[in-house]
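To start, the structure itself, in structure tokens.
The values are calculated or read from the model by the stated rules, or taken from the named source; none is laboratory data. Keep in mind that this is a model prediction, so the values were computed, not measured. Don't worry about glycine lacking a Cβ; one is built from the backbone with ideal geometry, like all the others, and counts go over all protein chains shown.
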Amino acid sequence: MLSSEQVERFQRDGYLVLEGFVDPAACVELKQRAVELVHEWQPGAHRTIFTTDEQERSSNEEFLSSGGKVWCFFEEEAFGDDGQLRQAKELSINKIGHAQHDLDPVFERFTYTPELAEVATDIGLADALVLQSMYIFKQPGIGGEVGCHQDATFLYTDPITVTGFWFAIEDATLENGCLWAAPGGHHAPLSKVFKRAGGPDDGGTVFEELDASPLPAVPDDLVPLEVPAGTLVLLDGRLPHWSDVNRSGRSRHAYSVHCISAASEYPEWNWLQRPADMPLRRLDRNDATSSVR
Ligand code: FE2
């Protein structure tokens, strides 16, 4: 699937942009399904807000149990001072996560393709297990910033193997909060890990610093990845990346999948844990169930 030049570029830069990887019709289908899931979803008494502020995250049971669920997380700015939603529910959700690739047939079809398995193999992940998925809305007007981070902080394995597969479901531009990446930044050490504080059943989480050198400066040390819908962006697990708030009138939908090597060890202190009856599934090059191309 990838040329040796593309593989070399991925190894050098820590990311690779593959325009036209996904058929536009598949993007439309995934987007419709995501909107349907939000429409059907009832938050009940809980309002799970996604924020990069760890205080908020750790207090939040839905977040910690979402590794085996399809859950909707509100944008930080979704609620007004009166506690009511400022815009319709469908325009207030930050993301859906983190197991729709295994629990929803449309997401499953989009995710488990021979093409994605081949790309993973080409970059050295022949035994890729799909660990989590996120459908990110980056809503018009209130789409939240995602602070500069390395994915291996949140999805750690020994050795580090986590790799991000980020699909643009809508055009991503400077105006609506496209991804930014630090070219070559994956050669630096992992700066910290995000851990469950007191074992798998404890509610708390904590950051543990591994390396004191700062992450690249935002936005000066990063480059914007403005890409059309249908683009796949590969992200090395140690690559610092960031996305800004979306103050434009246009959403920026994206779907991201994170894979790890089956040969690496996944510690039980990672925040994301799957229920025992939901083992991780491999990306399979011979998977005949679907094709997105
Ligand atoms: Fe990320």
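A few remarks follow.
- Within segment 150-161, the set of residues being in contact with a Ser or Thr (Cβ under 9 Å, 6 or more places away or on another chain), within 12 Å of the ligand (Cβ to nearest atom), of a type in the set (A, V, I, L, M, F, W, C) and in a loop (DSSP other than H, G, I, E, B) is empty.
- Residue match in segment 192-209 (condition: touching a Ser or Thr at 6+ places or on another chain (Cβ under 8 Å) and without any contact (Cβ under 8 Å) to a residue 24 or more places away in the chain): yes
- Test for Val28: is it modelled with pLDDT of 95 or more and within 26 Å of Asp102 (Cβ to Cβ): yes
- Residue check, Leu235 assigned to a strand (DSSP E or B), touching a His at 6+ places or on another chain (Cβ under 7 Å) and either among the basic types (Lys, Arg) or closer than 21 Å to Trp166 by Cα (or both): yes
- Subset of segment 237-259 [more than 21 Å from Asp104 (Cβ to Cβ), more than 11 Å from the ligand (Cβ to nearest atom) and surrounded by 24 or more Cβ atoms within 10 Å (Cβ to Cβ)]: Asn246, Arg252
- Answer residue from segment 117-149, given it is within 16 Å of the ligand (Cβ to nearest atom) and touching a helix residue (DSSP H, G or I) at 6+ places or on another chain (Cβ under 8 Å) and is nearest to Ser243 (Cα to Cα) among those: Phe137
Every residue, every condition in (1) surrounded by fewer than 19 Cβ atoms within 10 Å (Cβ to Cβ); (2) over 19 Å from Phe21 (Cα atoms), yes or no:
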residue	(1), (2)
Leu129	no, yes
Pro140	yes, yes
Thr161	no, yes
Thr173	yes, no
Ala181	no, yes
Thr205	no, yes
Glu208	yes, yes
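- Pair list, Cβ < 6 Å and 6+ apart or interchain, from segment 66-79 residues that are in a strand (DSSP E or B) to residues that are among the hydrophobic types (A, V, I, L, M, F, W, C): Val70/Leu103; Cys72/Val38; Cys72/Trp41; Cys72/Ile93; Cys72/Ile96; Phe73/Phe50; Phe74/Ile49
- Gly185 modelled with pLDDT of 95 or more, within 14 Å of the ligand (Cβ to nearest atom) and surrounded by fewer than 22 Cβ atoms within 10 Å (Cβ to Cβ): yes
- Checking Ala197, Ala212 one by one, the residue that is more than 26 Å from Val130 (Cα to Cα), away from the ligand (no atom under 16 Å from the Cβ) and surrounded by fewer than 16 Cβ atoms within 10 Å (Cβ to Cβ) is Ala212 and no other.
- Evaluation of Ala99 against the conditions (1) modelled with pLDDT of 95 or more; (2) within 25 Å of Glu19 (Cα to Cα); (3) crowded, with 21+ Cβ neighbours inside 10 Å; (4) not polar (S, T, N, Q) shows that the sole unmet condition is (2).
- A single entry from Leu85, Leu18 fulfils the requirement of being within 19 Å of the chain's Cα centre (by Cα), hydrophobic (A, V, I, L, M, F, W, C) and either at pLDDT 90 or above or under 28 Å from Ser248 (Cα atoms) (or both): Leu18.
- Residues (assigned to a strand (DSSP E or B) and buried (at least 20 other Cβ atoms within 10 Å of the Cβ)) located in segment 222-232: Val227, Leu232
- Residue list for segment 256-280, filter: hydroxyl-bearing (Ser, Thr, Tyr) and part of a loop (DSSP other than H, G, I, E, B): Ser264, Tyr266
- Qualifying residue in segment 162-174 (condition: assigned to a helix (DSSP H, G or I), within 16 Å of the ligand (Cβ to nearest atom), in contact with a Leu (Cβ under 6 Å, 6 or more places away or on another chain) and not small (Gly, Ala, Ser)): no
- Of all the criteria given as (1) surrounded by 18 or more Cβ atoms within 10 Å (Cβ to Cβ); (2) over 15 Å from the mean Cα position of the chain (by Cα), the one not satisfied by Gly80 is (1).
- Residues satisfying the stated conditions in segment 271-290, i.e. more than 16 Å from Gly164 (Cα to Cα) and within 15 Å of the ligand (Cβ to nearest atom): Trp271
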